[in-house]
Structure formats: structure tokens, C-alpha cells
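Working notes for the structure below.
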Amino acid sequence: MVFSSITFLFYFLPVTLAIYYIVPNKFKNLVLLIASFIFYYFGEPTYVLLMAFSILSTYVFGILIDKNKKTQYAKVWLILALIVSIGLLVCFKYMNFIIENINLWLKHKIDFINVALPIGISFYTFQMISYLIDVYRGQAKVQKNILKLAMYVSLFPQLIAGPIVRYTTIENEIENRTHTMEKFAQGIRRFIIGLAKKVLIANVLGELCTTFLKTNEISVLYEWIYAISAMLQIYFDFSGYSDMAIGLGKMFGFEFLENFNYPYIAKSITDFWRRWHISLSSWFRDYVYIPLGGNRTSKIKWLRNIMIVWLLTGLWHGAAWNFIIWGLYFGILLIIEKLFLSKYLEKIPKVFTHIYVLILVMISFIIFNGESVNQIVTNITSLVGIGNISLTTPESIYYFKSYFIPIVIGIIGATPILKNIANTEKYKKIINILEPITLLVLFIISTSYIIDGSFNPFLYFRF
Amino acid sequence: MQEKAKNKIIIIGFALILFLFFMINLIKEDEQISITERRKLAQFPKITFETLSSGKFSQNFENYAIDQFVGRDSFRTLKAVWSNYVFKQKDNNGLFLLNNSIYKIEYPLNNGNIQNSAKKINNVCQKYLKGMDVYFSIIPDKTYYLKEDYLSIEPSEVEEIIKNSVEDMEYIDITNSLKLEDYYKTDLHWKQENLKNVVSKIEEKMNLENTSNISYETRQIGNFYGAYYGQLGRKVSPDKLNILSNKVIEDCTTYNYETKKTGKVYDEEKFKSSSDKYDIYLSGAAALIQVENPNAKTEKELILFRDSFGSSLAPLLLENYKKITLVDLRYINSNILGNYINFENQDVLFLYSITVLNQNILK
């Protein structure tokens with residue numbers, strides 16, 4: 001089930017909220033667990049069992065690691081546990097990609113396996129790994145109640161698309177959490193803002209990107225509109241989802257960590273990755289980069305560690321070469337910054353550092369969205385008019401005009417301008433009045449966009 | 001204090017929206033069809049082991065929830081208004097409102113689809129029409145006549161592609177015989193009462209007798225909310241639907257090969273009962289219809305390969321023909337046409353709108 005659906009908003013959510021707040025505290029976790037499984041089942045009926053199996057194995061391995069604490073067996077159990085979780089991820093996410101690439105070298109081709117990617121597997125696998133490693137390191141207490149562990153892994157607000165909530169973040173809240181009106185209202189606010197980001201900006205710009213990818217009238221203007229829209233779409237889609245997750249978490253008493261912090265105002269690529277998908281980059285930092293030695297090692301190993309982390313970050317996003325290239329692209333940029341560029345970036349005027357970051361990130365998303373190397377190269381070179389393409393076409397001018405306002409709203413929304421205005425003391429009074437109205441209007445408008453999404457005009461050509 | 005009051009309003013407002021719509025949707029009786037969108041609405045999905053385990057149930061449930069959402073039409077209007085006035089988008093799902101008329105963007109030209117359409121036409125020519133007089137004409141989409149910078153397909157580009165694929169057809173250019181006002185405001189079709197110039201052009205090119213001095217009685221049948229009206233979801237005043245009639249047309253009989261029913265050129269019953277009022281012309285969509293003119297002063301016959309636009313034009317060609325056979329290649333495979341039509345030396349006219357040619361839907 002996705003948050004931006006009628007099933008979720010007007011069936012699942014009211015029923016779950018009502019039951020959750022009616023039952024006594026001791027049953028609240030159970031209600032969330034059942035609701036989360038129903039939530040997952042609605043999107044992924046068959047793989048619900050896979051998730052259940054993963055939870056079971058994590059539970060058993062967690063206990064085994066804990067029981068053998070301070071002996072060498074703890075490490076053995078941890079390694080076995082990692083083999084199982086990562087093994088499942090490889091099987092379901094990467095196997096066909098591996099086969100495809102092995103087949104390039106083989107005479108007798110291996111058949112592809114018939115599996116679809118289970119939704120959310122990359123997220124929940126990483127959560128389970130963080131739990132197991134934290135138990136091994138003694139940073140988290142082992143969870144002896146399987147229902148509570150299952151609730152943590154499957155918790156529907158963050159199950160499908162993050163943030164990757166670590167066990168240690170909500171360890172105490174699983175046992176005992178408070179529900180206040182303030183928290184609930186904050187939750188609603190975050191949820192509606194996230195929903196509007198997804199439905200009113202990301203989806204609308206998504207239409208533009210789809211139209212662009214179908215066109216045969218390429219122009220410099222169109223390429224720029226596409227590149228900027230794609231960049232905004234991915235940010236609003238993903239951060240909107242995180243906002244909704246954090247908001248829902250609050251409604252049910254949880255405090256998840258922030259996942260985005262206005263990445264497009266970053267002053268360097270290093271800064272960008274401190275602001276973009278924070279839960280993923282910090283996961284790689286804590287569970288891969290630092291265990292490999294981080295930067296407290298020889299220069300060669302340090303560089304190797306960076307490249308390994310970014311190769312994996314790329315791969316995590318999907319089983320395809322463009323994601324690998326995308327990850328390595330950032331690895332190389334970060335190395336360049338760390339080795340010498342950062343000191344220059346600090347000295348030049350801010351406006352240039354912003355342009356530097358935005359252009360490189362924009363190119364990264366062209367790679368991210370690219371379907372072939374050829375297409376990626378064409379998209380990038382067309383931005384500067386290489387390849388004998390015209391500056392504008394009627395189509396590009398039309399779409400430029402048609403999507404101008406959503407793009408401008410997107411650009412403003414990607415900066416903290418609105419947030420700063422809302423937090424200004426002298427506007428407090430008027431904001432207090434406007435805020436509830438704005439939120440409820442956005443909720444209704446987003447609903448109308450979802451309802452119209454089914455717009456499926458009767459094919460008039462019957463007649 | 002103010003903070004607390006604000007939080008209260010947010011919670012109460014959100015909860016009200018959530019629970020009210022949940023309750024109303026639960027209680028409200030499901031509807032079968034949407035009159036404005038002219039389609040069947042999704043019904044509560046079947047619960048079987050197969051649908052539950054394949055994920056079909058959840059997809060169907062979402063379709064159902066969206067289709068049956070209380071106030072669906074108002075929500076769609078709200079979206080259209082927001083997209084138009086707040087986002088200042090030039091179109092909403094490809095449709096836009098300009099000077100009280102609704103348009104739909106038919107763009108870009110799909111080269112492959114036009115070629116496929118041309119191939120289908122060529123098949124018919126090769127199989128049945130060798131040595132016969134064959135004409136073709138393209139009906140521009142009404143956006144073509146907009147002065148503004150809206151996207152539209154150039155009829156000449158379509159003509160070029162078709163000419164390159166089909167030999168021995170004479171092209172009749174009707175683009176200059178039409179104006180924006182000749183199309184309905186709320187529909188994609190042309191108005192029958194404005195087709196005089198088109199008819200004259202066709203008669204001239206096909207060496208037919210000029211009928212511009214024939215008088216017709218224009219009868220206003222009623223209000224007409226066209227297909228675009230429901231799709232756009234905005235309030236626009238309706239068109240008036242008129243028909244041109246005279247004794248020749250009134251005496252003609254139609255025969256539908258599929259339903260094996262005979263009838264009249266204008267089917268006023270359909271105007272009352274059908275959700276698409278344009279069905280008044282030749283009773284609506286049909287694969288194969290024959291119209292016979294008992295008052296004809298000639299033995300000539302016409303085979304008209306056409307889409308829906310042809311239904312309103314055909315009556316105005318009856319003065320020149322004893323029989324007109326209308327073939328809609330979207331509903332009948334050209335390979336079996338020989339079973340129904342005896343191709344001899346009839347006149348042949350392919351008359352298709354760009355919207356149809358630009359899709360790959362001819363059989």
C-alpha cells in the first residue's frame with residue numbers, strides 16, 4: 001500500500017488510528033504489528049512470508065549472538081546472520097543482474113530466475129542488519145519478544161521507503177512511548193506536507209518527465225526543463241515519503257530521525273550527502289566505512305574505503321549499471337573534494353559553490369534515471385547544445401509555460417525559505433491562523449489529485 | 001495557549017476529514033456508471049484466493065475506492081481548477097478550456113502509428129480497390145485552428161506520410177474548408193450544420209454534382225454535452241445539437257450489418273437514451289452500415305471508410321448516391337470485408353480524423 005492512495009488515506013489510516021487509540025497501551029504494539037502486516041500484504045501478498053521469515057531469522061540470530069556474547073561464537077552467529085539477510089537480498093534483488101553480466105562471458109547462457117523485487121526489502125534488510133550488529137557490539141539490548149521485534153521491522157510508516165530507522169533509535173519507544181496532542185498535531189503537519197510534496201509536486205513534475213522521455217523533439221530548453229524537473233521530482237518524491245513516515249511515526253508515538261535537510265542548498269558534495277538520505281549514508285558510515293578503517297588508515301586504504309562505500313551505495317539503489325556508475329561518480333567527487341577541492345570551495349563566493357553542487361547533482365540524476373549510456377550522454381551533452389539540436393521547439397516552450405509555476409514552487413520548496421518565514425517570531429500570530437487552514441486545504445487538494453489520478457477517460461473512439 | 005488551540009484545530013480538522021469520508025464512503029451506495037465521464041465505475045472487487053494472493057485485489061480495491069469516492073466529480077473539478085488557476089498549467093490531463101471551448105492536445109505526431117494506419121489503408125486498396133476511384137481526406141483536430149501557441153499536429157505532415165505509403169489515391173484537402181467555429185465547444189467532432197464547405201470540396205474533387213443549392217431544414221434537437229465536457233470536469237455551457245434534414249434524408253433507410261437492424265439516418269431515440277448524444281447520427285458506432293436512398297437520381301454508390309466524423313457527414317453526401325456503405329476499420333478487420341461488400345466500381349473515400357490516424361487502431 002502506498003501512502004498516497006485512497007485505500008491508505010481513507011480506509012487503512014482511520015481504522016488503524018481508531019483501533020490504536022481505543023485499545024489499552026499493552027495492546028498498542030500488537031495493533032501496529034497486525035496493521036503493518038496488512039499494509040505490507042496489500043502491496044506484496046506473496047512476499048509477506050519472506051518478510052516474516054527474515055524477521056524470524058533475525059530474532060533467532062539476535063538471541064544466539066546475545067547468548068554467546070564475549071565468546072568468539074558471537075562473531076560466527078553474526079556472520080551467519082549476515083549471510084542469511086544479505087543472501088536473501090542478493091537472491092531477490094541482484095540475482096538476475098549477476099546472471100545477466102555473467103552471461104556476457106558465457107557461451108551457454110544461464111536462465112534468469114523468475115523473481116520480482118520484494119517492496120521494501122532493501123530497507124528492512126538494512127534495519128535488521130543494524131539491529132544484529134548493534135546487539136553484537138553491545139550497543140543495543142537483544143529483543144526477546146518476537147512480536148516487538150517484528151513490530152520494529154515491519155512498522156508500516158517506515159517499512160517501504162525509509163527512513164532506515166535503527167533499532168537503537170526507537171528501542172525505548174517500543175517498550176514505552178508517550179502520545180501527546182502536540183506530537184500528534186506535529187505528526188499530521190509532517191504527514192500532510194509530505195503528501196503534498198509527493199502528490200502536488202513530485203507527481204506533477206513526474207508527468208513532465210514522462211512526456212519528455214517520450215518526445216522526439218529534443219531541444220536545449222527541453223533538456224534543461226527535464227533535468228531540473230527530474231531533480232526536483234526525485235527530491236520531493238523521496239523526502240515527501242520520509243516526511244509522511246516521520247509524521248505517521250509521531251502520530252503513533254515514535255520519533256524517527258530526520259532523513260533530509262534541504263540537500264539542494266548544500267555547499268559541497270560532501271555537504272550534500274550530509275543532507276540527502278541521511279539514514280542511508282549514516283548507515284554506510286557506521287556499518288561499512290568505519291569498520292573498514294574509515295580515514296584512520298593509509299591513504300590508499302582510505303580511498304579504497306570511500307570507493308567501496310559508494311559502490312555499495314550505488315548498488316543499494318538498484319541492480320543496474322547506471323546505479324553503480326552513479327555511486328562511483330559520487331565516490332570520485334567526494335575523493336576530489338576531500339583531497340584538494342574543499343579548501344577552494346570554502347574560499348569562493350557562496351553562489352558558485354551552490355551552482356557547482358546543483359550542476360553535479362543534476363548530472364547525477366540524469367545518470368540515475370538513464371536507460372542507456374547513449375541516452376545519458378545525449379541528455380548531458382544536449383544541455384550545452386552539443387549535437388546540432390535547436391534551442392527551443394514549440395513543444396518545449398509549451399511545457400515550459402505549462403510547468404513553470406510547479407517548477408518555481410518546487411525550487412522554493414527545496415530551500416528553507418518557507419520554513420524560516422513560518423518560524424519568524426513577528427509572523428507567529430498570523431501563521432498560527434493560516435497553518436491549520438493551509439494544511440487542511442493541502443490535504444483536500446492532494447486527495448483531489450489522487451482521485452483524478454484514475455482519470456481514465458472513456459475511449460471516445462468507440463464511436 | 002495559541003499553540004494548543006492550533007494543534008487542536010489541526011487534529012480535529014484532520015480527523016473529521018479522515019473519518020467523515022471513511023464513514024460516508026462506507027455507507028454510500030455504489031454507483032454503476034459515471035455520466036460525466038461516460039464510463040462504467042469500478043465495483044467492489046471479487047474476493048477469491050487468486051485475487052487475494054496475486055495482489056489483484058488490492059489494485060482493484062484502490063480503483064474501486066477512487067471511482068466510488070463520495071463527491072468524485074467535485075474533487076475532479078477541484079483538481080482541474082487548482083491545476084488551472086494555482087499551477088497555471090496550460091492543460092489538465094491534456095484538456096484545456098479556452099474562451100468557453102474545451103480542447104484536447106493531440107500531440108506529438110506518432111510517425112509509427114500513422115505509418116501503421118497508412119499500411120492498413122494500403123491493405124484495403126491492394127486487396128479490393130484496384131482500378132477504382134479512391135480518395136482520401138484528413139480531418140484536422142480542432143486545436144489546429146487555434147491561433148494561440150497550443151500544440152497540434154499539422155495535417156500536411158500526416159498527408160505526406162500516408163501519400164508515401166499508399167499509391168493511387170487522390171488527396172482532398174479540407175483544412176481550408178473548416179474553421180474553429182465548425183467544431184463543437186464541448187466535443188471533438190464537427191458540427192453537421194457547418195459542413196457545407198467540406199461537402200462542396202469533396203463534390204468538386206470527386207466530380208460529383210454540386211449540391212450547395214439543395215435546401216436543408218436545420219432542426220435543433222437539444223443541449224449537447226460533448227465528450228470533453230465530462231473529461232475536463234469543469235462547468236461549461238452546453239452546445240446545441242442540430243441536424244440537417246430534407247425529404248431525401250428522411251426517406252433513406254439504414255441497415256446495420258452487425259445488429260441486422262434497419263433504421264433511419266437520424267436516430268432521435270438514441271439522442272434521448274444514449275450517454276453520447278452524437279449517437280443521433282446513424283445510431284452511433286458501428287462496423288458496417290449501409291444507407292440506401294430511394295429517391296436517388298443516380299445509380300452511383302459510395303464506400304466511405306470513416307470514423308465517427310463520417311456519421312454526420314454521410315447524410316450530406318446522399319444527394320449524389322443511391323447507396324453509401326460506411327466502414328469503420330476500427331471495428332472490422334479489412335480481410336473479411338469481401339464477405340459483406342461487393343467491390344465493383346463504387347466511389348471510395350477514406351475520411352479519417354488525425355486523432356484516429358495517430359493511434360494504431362485500424363484493423
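Anything in segment A:168-205 that is away from every other protein chain (no Cβ under 14 Å), surrounded by fewer than 24 Cβ atoms within 10 Å (Cβ to Cβ) and of a type outside the set (S, T, N, Q)? List them, or say none. Matches in segment A:168-205: A:I170, A:E171, A:E173, A:I174, A:E175, A:R177. Taking every residue in segment B:192-219 that is within 21 Å of B:E170 (Cβ to Cβ) and pairing it with any residue that is of a type in the set (F, W, Y), at least 6 positions away or on another chain, the pairs with Cβ-Cβ distances below 8 Å are B:V198/B:W190; B:I202/B:Y135; B:K205/B:Y135; B:M206/B:Y135. If you go through segment A:201-212 and keep only what is touching a residue at least 60 places away in the same chain (Cβ under 8 Å) and not aromatic (F, W, Y), you end up with A:I201, A:N203, A:V204, A:L205, A:L208, A:C209, A:T211. Against the condition at pLDDT 90 or above and closer than 19 Å to A:T447 by Cβ, how does B:F22 come out, does it pass? Yes; evaluated as a whole, the condition is true for this residue. Checked against the criteria, A:I246 counts as farther than 23 Å from A:G370 by Cβ, in contact (Cβ under 8 Å) with a residue 24 or more places away in the chain, more than 14 Å from chain B (Cβ to nearest Cβ) and of a type in the set (A, V, I, L, M). Apart from one condition, B:V356 fits all of (1) within 14 Å of chain A (Cβ to nearest Cβ); (2) farther than 18 Å from B:D187 by Cβ; the exception is (2).
Going residue by residue through segment B:286-301, is there one that turns out to be part of a loop (DSSP other than H, G, I, E, B), free of Cβ contacts under 8 Å to residues at least 24 places away in the same chain and not aromatic (F, W, Y)? Taking every residue of segment B:286-301 in turn, at least one turns out to be part of a loop (DSSP other than H, G, I, E, B), free of Cβ contacts under 8 Å to residues at least 24 places away in the same chain and not aromatic (F, W, Y).
Pull up segment B:288-334, narrow it to residues that are of a type in the set (D, E, K, R) and within 14 Å of another protein chain (Cβ to nearest Cβ), then point me to the one that is farthest from B:D251 (Cα to Cα).
Step one: of segment B:288-334, the residues of a type in the set (D, E, K, R) are B:292, B:297, B:299-301, B:306-307, B:319, B:322-323, B:328, B:330.
Now narrow it down to the ones that are within 14 Å of another protein chain (Cβ to nearest Cβ): B:306-307, B:328, B:330.
Values: B:R306: 23, B:D307: 24, B:D328: 24, B:R330: 29 Å.
Filtering first and then ranking leaves B:R330.
Does B:N93 satisfy the criteria of being touching a residue at least 24 places away in the same chain (Cβ under 8 Å), facing another protein chain (nearest Cβ under 7 Å) and surrounded by fewer than 20 Cβ atoms within 10 Å (Cβ to Cβ)? The answer is no for B:N93. Residues to consider are B:F21, B:F69; find the one that is touching a residue at least 12 places away in the same chain (Cβ under 8 Å) and assigned to a helix (DSSP H, G or I). Unique residue meeting the criteria: B:F21. The set of residues in segment A:424-443 that are without any contact (Cβ under 8 Å) to a residue 12 or more places away in the chain, closer than 24 Å to A:K198 by Cα and more than 7 Å from chain B (Cβ to nearest Cβ) comprises A:I431, A:L434, A:I437, A:T438, A:V441. Just to be sure, is B:E37 part of a loop (DSSP other than H, G, I, E, B) and at the interface with chain A (Cβ under 10 Å from one of its Cβ atoms)? Considered against the rule, which asks whether it is part of a loop (DSSP other than H, G, I, E, B) and at the interface with chain A (Cβ under 10 Å from one of its Cβ atoms), B:E37 comes out as yes.
Scanning segment B:236-282 for residues that are modelled with pLDDT of 90 or more and either outside the structural domain of B:L316 (by TED's automatic domain parsing) or among the small types (G, A, S) (or both) returns B:S237, B:S245, B:G263. Inclusion of A:F10 among residues that are closer than 30 Å to A:I201 by Cα, within 22 Å of the chain's Cα centre (by Cα), of a type in the set (F, W, Y) and within 14 Å of another protein chain (Cβ to nearest Cβ) is not warranted.
All of (1) among the small types (G, A, S); (2) surrounded by fewer than 21 Cβ atoms within 10 Å (Cβ to Cβ); (3) at pLDDT below 85 hold for A:A140 with one exception: (3). Restricting attention to segment A:411-423, report how many residues are within 20 Å of A:I234 (Cβ to Cβ) and not in a helix (DSSP H, G or I). The total comes to 3.
Would you check if B:F57 is crowded, with 17+ Cβ neighbours inside 10 Å and within 7 Å of chain A (Cβ to nearest Cβ)? In short, no. Per the listing B:I102, B:I33, the residue uniquely more than 30 Å from A:L434 (Cα to Cα), of a type in the set (V, I, T), touching a strand residue (DSSP E or B) at 6+ places or on another chain (Cβ under 9 Å) and modelled with pLDDT of 90 or more is B:I102.
Among all positions in segment B:45-54, there is at least one residue which is hydrophobic (A, V, I, L, M, F, W, C) and within 9 Å of chain A (Cβ to nearest Cβ).
All of (1) in a helix (DSSP H, G or I); (2) within 21 Å of B:P108 (Cβ to Cβ) hold for A:V408 with one exception: (2). Taking segment A:385-401 as the range and being assigned to a loop (DSSP other than H, G, I, E, B), within 14 Å of chain B (Cβ to nearest Cβ) and buried (at least 16 other Cβ atoms within 10 Å of the Cβ) as the test, only A:T393 passes.
A quick yes/no check of all residues on (1) touching a Gly at 6+ places or on another chain (Cβ under 8 Å); (2) under 16 Å from A:F254 (Cβ atoms); (3) in a helix (DSSP H, G or I):
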site: A:S122; (1), (2), (3): no, no, yes
site: A:Q127; (1), (2), (3): no, yes, yes
site: A:L132; (1), (2), (3): yes, no, yes
site: A:Y136; (1), (2), (3): no, no, yes
site: A:K141; (1), (2), (3): no, no, no
site: A:K144; (1), (2), (3): no, no, no
site: A:A150; (1), (2), (3): no, yes, yes
site: A:I164; (1), (2), (3): no, yes, no
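The values are calculated or read from the model by the stated rules, or taken from the named source; none is laboratory data. Keep in mind that what you see is a predicted model, and the values were worked out from it rather than measured. Cβ: placed from backbone, ideal geometry, glycine included. Neighbour counts: every protein chain shown.
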